[in-house]
Amino acid sequence: MRLIVGITGASCTIYGVGLLQVLKQLGIETHLVVSKMGQEVVSHECGMALEELKELATFYHDNDNLAAPIASGSFKTDGMIIVPCSMKTLAAVANGLSNNLLTRAADVVIKERRKLVVVPRETPLSLIHLENMTKLAKIGVTVMPAAPGFYHQPETIGDLVSIMVGRILDQMDIENNLFTRWGEE
């Protein structure tokens, strides 16, 4: 399996870091792209430098490199996950603005009819945000707000990260046991 992972400048970068950690453990090939603000938020929220984040991915692509393989539809992937997804990135993807590698890769995933999961993190949501999410949902993009459930009785932040990462993996049809599912002991 080959996945593109985008991390943008919204809060909850811990979900992106957690996702990369699990994908690495599962041996899934990852192509990481991080926006400038994504780098800053990862540093602020997770205390990680870009170099540490790169080590979690199989391949890292600079967001300014529009000649990277993931910018082409002929480079086969199983899909893309943008976690967290800022409203700026969401708006760009929803409106076909491919002005950097992250948004170009998302555009390619959409045009090639591959799976795209966006994990927006903003509150409250404006009508513009909701319209952009609706536009993406109408074309088959999974819009999965960064809102973990509590039915599994989380005790740590790690537990909250696990349920979100597990649910993201579910959307990509990747088997996992990161959280207790409803009705399971």
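The values are calculated or read from the model by the stated rules, or taken from the named source; none is laboratory data. This structure is a prediction, so every number in the text was calculated from the model and none was measured. We place every Cβ from the backbone using ideal geometry, glycine too, and count neighbours over all the protein chains shown.
Residues are listed down the side, and each one gets a yes or a no for (1) part of a loop (DSSP other than H, G, I, E, B); (2) farther than 22 Å from Met133 by Cα; (3) at pLDDT 95 or above:
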| position | (1), (2), (3) |
| --- | --- |
| Leu23 | no, yes, yes |
| Val33 | no, no, yes |
| Val42 | no, yes, yes |
| Asp62 | yes, yes, yes |
| Asn65 | yes, yes, yes |
| Gly73 | yes, yes, yes |
| Lys76 | yes, yes, yes |
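Considering only residues that are part of a helix (DSSP H, G or I) and among the basic types (Lys, Arg), look in region 117-148 and name the one that is surrounded by the most Cβ atoms within 10 Å (Cβ to Cβ).
Taking region 117-148 as the starting set, the residues that turn out to be part of a helix (DSSP H, G or I) are 127-138.
Those still in the list that are among the basic types (Lys, Arg) too: 135, 138.
On the way: Lys135: 16, Lys138: 9.
Checking each candidate, the answer is Lys135.
Count of region 70-103 residues, restricted to those that are in contact with a strand residue (DSSP E or B) (Cβ under 6 Å, 6 or more places away or on another chain) and within 14 Å of Leu3 (Cα to Cα), is 9.
Cβ separations smaller than 6 Å between residues 6+ apart or across chains give the following pairs from region 174-185 residues that are surrounded by 13 or more Cβ atoms within 10 Å (Cβ to Cβ) to residues that are small (Gly, Ala, Ser): Asn176/Gly166; Leu178/Ser162; Leu178/Gly166; Phe179/Ser162; Phe179/Gly166.
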